[in-house]
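Report on the following structure.
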Amino acid sequence: MTLQRVWTRGAIYFVLVAFAAWYLMPIYLMLITGLKTYEQVGITKMWALPYPVSLDGFSQAWVKVSANFGNSIMITVPAAIISAFIGSINGYIFAKWKFRGSNTIFMLFLVGMFLPYQGILIPLVQTLMALGLYGSIVGVIFVHCVFGIPITALMFRSYFAGIPNELVDAAKIDGCGFFGIYRHILLPIAFPAFAVVLIWQFTTIWNDYLIGLIVVSNPRLAPVNVAVKNLAGTYTTQWQVQMSGALIAALPTIIVYLALGKFFMRGLLAGSLKG
Amino acid sequence: MASVTYDHVYKRFGDVVAVNDLTIQVDDKEFLVFVGPSGCGKTTSLRLLAGLEEITEGRIFIGNRLVNDVPPKDRDIAMVFQSYALYPHMSVYDNMAFGLKLRKTPKAEIDRKVKEAAEILGISQLLDRKPKQLSGGQRQRVAVGRAIVRDPAVFLFDEPLSNLDAKLRVQTRAEISKLHQRLGTTFIYVTHDQVEAMTMASRIAVMKDGLLQQVDSPQNLYDHPGNVFVAGFIGSPSMNFFDATLVEQDGKLFVDAGTFKVQVPDNKRSIYLPYKGNKVIFGIRPEDIHAAEYAAPGITPARVTAEVDVTELMGNEIFLYLLSGKKQFIARVDPRTRTHAGETIDVLFNMDNMHLFDPQSEKTLDAV
């Protein structure tokens, strides 16, 4: 390695490490604050390491948010799975059963991705009330499923578009109909797409705050993010509890990414791979 | 076992007419090959028959049954695709058994049929493998096997050899011919390769721009092309064409191409006489042009002097790229011929195999 290359390399690494540190700083602060006692927390002592280390913050936060943590699981798991399935069927149709105007309809689907939730809250609540779903966890699941359709349909459409049409033709000649092709041919080879979509939906729905806040007014039914926000008192905030709660709430998505992140990257590229 | 009938079939994609008034009768047990350049409508014609595209106008029969509105699975056909279209998540066995399973065929019968087909194709040892563990040639066999087990009335092939390397292609060509003899089923085969068409077909249907140009046996197509396109498409290298005039001199007919003038054999005189004085397209195949000293006896020769532009030694023959004036043409001559670029050489046209075409309609003026 020449001297110049060493310098270039060094500069690149320096910049990368600096960015990473900058990015991780809030998480670091969350962690050390969560491990402090109430007395150790303070804006002037922000960077001080916790001494003695205390898990009180975590145990207090867990008591307060664990029920809502369960709500979040009950919302996120079915909503992610249902929206993935609906998306896969939509994607299948848009990729393999093009009909007159299907591209226009698909474009309209995509518009759904860019709708700001805030803009549609009032009609959303009215619709849910009319359906009798307002105030229930089922209502939250329903909303997430509906809002999940554009992105899941897009992801599955891209994946299925990469699957040769001849495979569908062969299945037609072999005797498959519309659902037969989906069930016997596309579904079994759509595993990578499902992985990506499920991770995506899991993260998005888990991290939602607004829908959970609006659709269920009863705090006992609220998802974990709403409960974490409620940890903050009106006048004082126990920051070590607040930070612990936030870390607890973030844990599932972090685990999902750490466990399946490699798969996620592979899945994102799966459309370009050949079977 | 079934015949296939296209009756004035049209297929339009928007403003594009992919298949234009296709009428053709394919007999039972026949091996019909659709051939033509890409975009000529041959694959669309096959897909119409398979039911993978909807017919815009006209009727298609399999046997005596009108199949216009019959879904693909009920047409009693099987198809081999260019990409083989094997189901990637299924083993070779399951790929072949899939169609039978959907038809609720008893398990024992499926097993028997799959093993029998695997035996015929020599893939018995591959039944547990997944498609991605197979070579191109093996995949191709599985695709054929998947069609065989179905025991269809008509086999459809869509360029099944184009993904194989040259050597394997020649070998598989012969195997498909053998399979046709063995199964005694109607085969309909699409290819852009005229050699495949010539070697395998009982009849060839030449298509261009959605229009059927000519249907005939390979030999007849070669000997009696109906128009300039077919004449140029069948045979390799292509037939040479010259703009010429048909003139009479001293009671004899001549083709006058400007830079050379060759006599029409007496036995063809009466056929071409009505076109005397007309502009014509004169066609002669490279294999009907001989180096003067090695010309076969018994031909009706016409001597032409030309300049050698390029020589290509093929081993068993030489391709000479010749110039007559500015017009280039090709001759396939005896490998003993000694010549080199820049030299002037005498070649003999075998006028027994000459062709004339009308320059406007491009249709043949030969006796049909």
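A short reminder: the numbers here are calculations on the coordinates, not readings from a lab. Please read these numbers as outputs of a predicted model, since none were measured by experiment. Methodologically, a virtual Cβ is constructed for each residue, glycine included, from the backbone with ideal geometry; neighbour enumeration extends over all protein chains shown.
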Rounded FRET efficiency, nearest 0.05, which uses the C-beta distance separating residue A:165 from residue B:56 and R0 of 25 Å: 0.80
Note to self: C-alpha centroids of the stretch B:165-244 and the stretch B:299-342 sit apart, in Å, by 26
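Can you tell me which of B:102-111, B:328-337 comes out highest on packing, and rank the rest after it, using the mean Cβ neighbours within 10 Å? Kindly include the intermediate steps, with their values, before the conclusion.
Numbers: B:102-111: 12.3, B:328-337: 18.4.
Ranking, from highest mean packing down: B:328-337, B:102-111.
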Measuring from the lowest to the highest alpha carbon on each principal axis, how far does the stretch B:192-291 reach, largest first, in angstroms? 46, 31, 25
Could you state the orientation-averaged shadow area of the convex hull built on the Cα atoms of the protein assembly as shown, in nm² to one decimal? 46.2
Hey, in the GNM for chain B with a 10 angstrom Cα cutoff, which one of B:43, B:339, B:186 fluctuates hardest? B:339
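On a 20 Å Cα-Cα criterion, which of the cross-link pairs A:98/B:11; A:172/B:178; B:107/B:178 come out too long?
Numbers: A:98/B:11 18 Å; A:172/B:178 28 Å; B:107/B:178 29 Å.
Pairs exceeding the cut-off: A:172/B:178; B:107/B:178.
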Compute the helix-to-body angle for B:136-148: its Cα long axis versus the longest principal axis of chain B, expressed 0 to 90° and rounded to tens. 70
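With contacts defined as alpha carbon pairs under 8 Å and 6 or more residues apart, what's the relative contact order of the stretch A:57-271 in percent?
Numbers: 233 pairs, mean separation 79.5, N = 215.
The normalised contact order for the stretch A:57-271 reaches 37 percent.
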Kyte-Doolittle mean at least -0.5 and Cα axial length at least 27 Å: DSSP H helices in chain A: A:3-34, A:56-96, A:137-161, A:239-268
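Please compute, for peptide B:87-99, the average count of beta-carbon atoms on other protein chains lying within 10 Å of each residue's beta-carbon. Before the final figure, lay out each step's value.
Values: counts 9, 7, 8, 4, 0, 0, 0, 0, 2, 0, 1, 7, 6.
Counting Cβ atoms of other protein chains within 10 Å of each residue's Cβ and averaging gives 3.
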Determine the relative contact order of chain B: mean sequence separation of Cα pairs under 8 Å and six or more apart, normalised by residue count, in whole percent. 15
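Restricting to Cα atoms and excluding each atom paired with itself, what does the Kirkwood estimate give for the stretch B:20-129 in Å?
Values: mean 1/r = 0.0609 Å⁻¹.
Here the Kirkwood hydrodynamic radius works out to 16.4 Å.
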Calculate how steeply helix B:166-183 sits against the longest principal axis of the alpha-carbon atoms of chain B, using the helix alpha-carbon long axis, and give the answer as 0 to 90 degrees to the nearest 10. 60
Largest fluctuation, A:173, A:122, A:149 only, Gaussian network model of chain A with Cα springs under 10 angstrom, belongs to A:173
Averaged over A:157-169, how many beta carbons belonging to a partner chain fall within 10 Å of each residue's beta carbon? 3
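Rounded to two decimals, what is Rg over Rh for the stretch A:127-275 when you use alpha-carbon atoms and the Kirkwood radius?
Numbers: Rg = 20.3 Å, Rh = 18.2 Å.
Radius of gyration over Kirkwood radius for the stretch A:127-275 works out to 1.11.
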Which one of A:138, A:197, A:15 has the biggest mean-square fluctuation once chain A is modelled by GNM with Cα springs under 10 Å? A:15
Please list A:251-260, B:76-85 highest first by mean number of surrounding beta-carbon atoms within 10 Å per residue. B:76-85, A:251-260
From Cα pairs below 8 angstrom and at least 6 apart in sequence, can you work out the relative contact order of the stretch B:162-233, rounded to a whole percent? 19
